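Here's the structure, in C-alpha cells; my notes come after.
The values are calculated or read from the model by the stated rules, or taken from the named source; none is laboratory data. None of the values given here were measured: they were computed from a predicted structure. Counting neighbours? That spans all protein chains shown, and the Cβs are built from the backbone with ideal geometry, glycine included. Protein only, heavy atoms only, side chains kept; ligands, DNA and RNA dropped before computing areas. Shrake-Rupley method; radii C 1.70, N 1.55, O 1.52, S 1.80 Å.
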Amino acid sequence: MRYITIISLLISLIAAGCKPVPDDNNANDRVLYTHDQFSMGADLSYVNQILDHGGIYKDSGTIQDPYAIFRKYGANTIRLRLWNNPDWTRTVYNPPLTEMYNGFNDVKRGILAAKAQGMAVCLDFHYSDSWADPAKQVTPAAWTGLSLSVLRDSIYNYTLKTIDRLEAAGAMPEYVQAGNEINPGFVLPQGNRWDKTTDFIFLLNGAIKAIRDASVSSTIKPRIIIHIAQPENVYAWFDGLAAKGLNDYDIIGFSYYYLWSGIPLNNISNYVLLLRTSFNKDIMIMETIYPWTLQNADSYGNIVDSGKLAPGYPATEEGQYNYIHALTAEIIEGGGKGIFPWEPAWITSSAKDLWGTGSSWDCNTFFDFSGSTLKGIQFMSDRYKFNE
C-alpha cells in the first residue's frame, strides 16, 4: 500500500509540471546566499594539488586564489574528500612527494582556506584509501580482517579523532558525509547495504555517533549527510532503513550526473519533493556537473559523453551555465537545500593520479583551458525564487 501511495504521489508531481521561473539576472542583481539558506557548493578536493603543480586560476584577466574566486561568485560551502591513508597520492610522482593529497593535512589546508574566505565546509569521509563509489567500497588496508565490533570501533575512533583534530585547528566542518555514494554500503564486505543490512547500519551508526560526539563541546554542530548516487536509486535505498535503526542523520544527498542517470532534468524537483516528504529530511545534490566543451586540454582522456547531453543544453559555455542554473532552480522548487558541482576547478596541470597527468574533467570545469572563469560559475549568485 505504501508503494502505491508513493508512486501515485510521484506520478501526480511529474504530471503537474510546475517549475520555478528564476528572476531576470544582471550584473547588478546578484545574491550571496548563506549556507543555511541554500548551500551553493563546490567540491574543490583537487585544488591544493593543482596549485602545487602549476595550475593557474584567473578572473578578470588576473591570477587569483581559487577559493577567493568561488567566494566572489557566490559559493558558500566547499566540499572536500578525505581518504584514510592515500599514500598512493605521493608515490605516483617521481620522486615521491613528502605529503599525501586528500589525507588529513591536505584536507585541513583546504578547510582553512575555505573558512578564510568565509565559507562553510562539507567533509566527505570515504572510509577507504582511495575512491569510494557505487562500484567500489574498499575497506582501508589498516582495517582489513577486523571483526565487526572492532571494525565499528575503528570507524568510530577514526571519525572522532579526525573531527576533534580539525576542531582543535579551527577547522570544524559544518557538514559531514558518513561515506561517499554508499549505494552498495561501505567498508565491504562487512558493511553491505543489501546482504548485511543490520551489520551495515551498525557500522554506519558508529560513524554517525562519532560525528555527534565530536561536536558536543563545539559551537559548530555538523549536519550529517548520507550520500547515494543517482536520484532513481534513493527511495529504494532509504525505504525501510529507519525501521532497522538508521535515524540519526540530517540530510539525504544524492549525485546527479547526466552521464549515468535516466532522470530528466525537469523531473528533479519532483524527486526532491518526494524524498523530502517521504523521509522528512533535507535534500541536497552532492555531485553534479555539465560540460562547456567537448574538446580536451591535455592528453588525459576526458570523461564526457556527447550522446547523452540533455536536450536543449549544448556543450558550450552558455549551455553549461543554463543547465546548472536550471538544475539549481529544480532543487529549490522541490524544497531542497543545496547543490555541489563536482570538481569544477579540476583544470589541467602537472598534477597526477593513478590514470593520468592533468585532468579528465577539464571539459566540465568553470574555467577555460587558460584557467579563466567561465559564465557557469555565475549560477551561484543568480536570483532564484524560493517557496515561501
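What relative contact order, as a whole-number percentage, does region 286-387 give when Cα pairs under 8 Å and 6 or more residues apart are counted?
Relative contact order of region 286-387: 36 percent.
For Cα pairs less than 8 Å apart in space and 6+ apart in sequence, what is the mean separation divided by the residue count of region 270-345, i.e. the relative contact order in percent?
48
Count charges around Ala315 for me, please; just the other residues with Cβ under 12 Å from its Cβ, Lys/Arg as +1, Asp/Glu as -1.
Working: positive: Lys308; negative: Asp305, Glu317, Glu318.
Its environment carries a net charge of -2.
Measure off 7 Å from each Cα along the Cα-to-Cβ vector at Ser149 and Leu259, then give the distance between these two points in nanometres to one decimal.
According to this spin-label approximation, the distance is 4.3 nm.
In the chain, what percentage of the DSSP-assigned beta bridges are antiparallel, given to the nearest 5?
Working: 6 of 40 bridges.
About 15 percent, rounded to the nearest 5.
Using a 1.4 Å probe and counting only protein heavy atoms, arrange Thr89, Thr373 so the residue with the most accessible area comes first.
In descending accessible area the options line up as Thr373, Thr89.
What number comes out for the charge environment of Asn296, summing +1 per Lys or Arg and -1 per Asp or Glu over other residues with Cβ under 15 Å away?
-4
Output the relative contact order of the chain, whole-number percent, from Cα pairs under 8 angstrom with separation of 6+ residues.
Computed over the chain, the figure is 22 percent.
Order Trp88, Trp346, most accessible first, counting only protein heavy atoms with a 1.4 angstrom probe.
From most exposed to least exposed: Trp88, Trp346.
Treating only the Cα positions of region 229-268 as identical point scatterers, give the base-10 log of I(q)/I(0) from the Debye formula at each q in 0.35 Å⁻¹.
-1.24
Report the chymotrypsin sites (Phe, Trp or Tyr not before Pro) located in region 159-211 that are in a DSSP loop and have at most 13 other Cβ atoms inside 10 Å of their Cβ, or state none.
Sites meeting the loop and neighbour criteria: Trp194.
Kindly sort Thr159, Thr316 by accessible area of their heavy atoms, largest first, with the probe set to 1.4 Å.
Thr316, Thr159
Using the Karplus curve 6.51 cos²θ - 1.76 cosθ + 1.60 with θ = phi - 60°, what ³J(HN,Hα) values do you get for each residue of region 277-283, in whole Hz, with x for Gly and Pro?
7, 6, 10, 6, 10, 5, 10
Can you give the calculated 222 nm mean residue ellipticity of the chain, where each DSSP H run of n ≥ 4 adds -39,500 (n - 2.57) and the sum is split over every residue, rounded to the nearest 500 deg cm²/dmol?
That calculation yields -9500 deg cm²/dmol at 222 nm.
Quick one: what does P(r) look like for region 329-388 with 10 Å bins over all Cα pairs, in whole %?
20, 38, 25, 15, 2
Rounded to a whole number, what % of the accessible area of the chain do carbon and sulfur atoms account for, probe 1.4 Å?
54
Tell me the per residue accessible area of region 229-315 using a 1.4 Å probe; a whole number in Å² is fine.
39
What distance in nm lies between label points placed 7 Å from Cα along the C-beta direction at Trp88 and Leu32?
4.0
Viscosity 1.567 mPa s, temperature 4 °C: Stokes-Einstein D of region 250-388 from its Kirkwood Cα radius, in µm² per second?
So the translational diffusion coefficient is about 83 µm²/s.
Counting pairwise Cα distances across region 49-145, what percent come out greater than 18 angstrom?
The answer is 56 percent, as a whole percent.
From the phi of every residue in region 285-299, what ³J(HN,Hα) in whole Hz does the Karplus formula 6.51 cos²θ - 1.76 cosθ + 1.60 yield, where θ is phi - 60° and glycine or proline is x?
Karplus-based 3J(HN,Hα) across region 285-299 equals 8, 8, 8, 6, 5, 8, x, 9, 7, 9, 7, 10, 8, 8, 8 Hz.
If amide H atoms are built 1.01 Å from N in the plane of the peptide, which residues on other chains or at least 5 residues away come under 5 Å of the amide H of Gly55?
Ser350
What percentages, rounded to whole numbers, describe P(r) for region 249-316 computed over all alpha carbon pairs with 5 Å bin width beginning at zero?
Once binned at 5 Å, the Cα pair distances of region 249-316 give 3, 14, 22, 20, 15, 11, 8, 5, 2, 0.
Dividing the Cα convex hull volume of region 107-235 by residue count, how many Å³ per residue is that?
Spread over its residues, the Cα hull of region 107-235 gives 115 Å³ apiece.
Whole-Hz ³J(HN,Hα) for each residue in region 217-230, computed from phi via Karplus 6.51 cos²θ - 1.76 cosθ + 1.60 with θ = phi - 60°, x for glycine and proline: what do you get?
9, 9, 6, 9, 10, x, 7, 8, 10, 10, 10, 10, 8, 6
Distance check, please: which entries in Lys58/Lys221; Lys161/Lys352; Lys281/Lys385; Lys108/Lys375 exceed 24 angstrom between their Cα atoms? Walk me through the intermediate numbers first.
Numbers: Lys58/Lys221 35 Å; Lys161/Lys352 29 Å; Lys281/Lys385 21 Å; Lys108/Lys375 30 Å.
Exceeds cut-off: Lys58/Lys221; Lys161/Lys352; Lys108/Lys375.
Given the protein chains as shown and a 1.4 Å probe, how many square angstrom of Asp248 are accessible, to the nearest 10?
My reading of the accessible area for Asp248 is about 70 Å².
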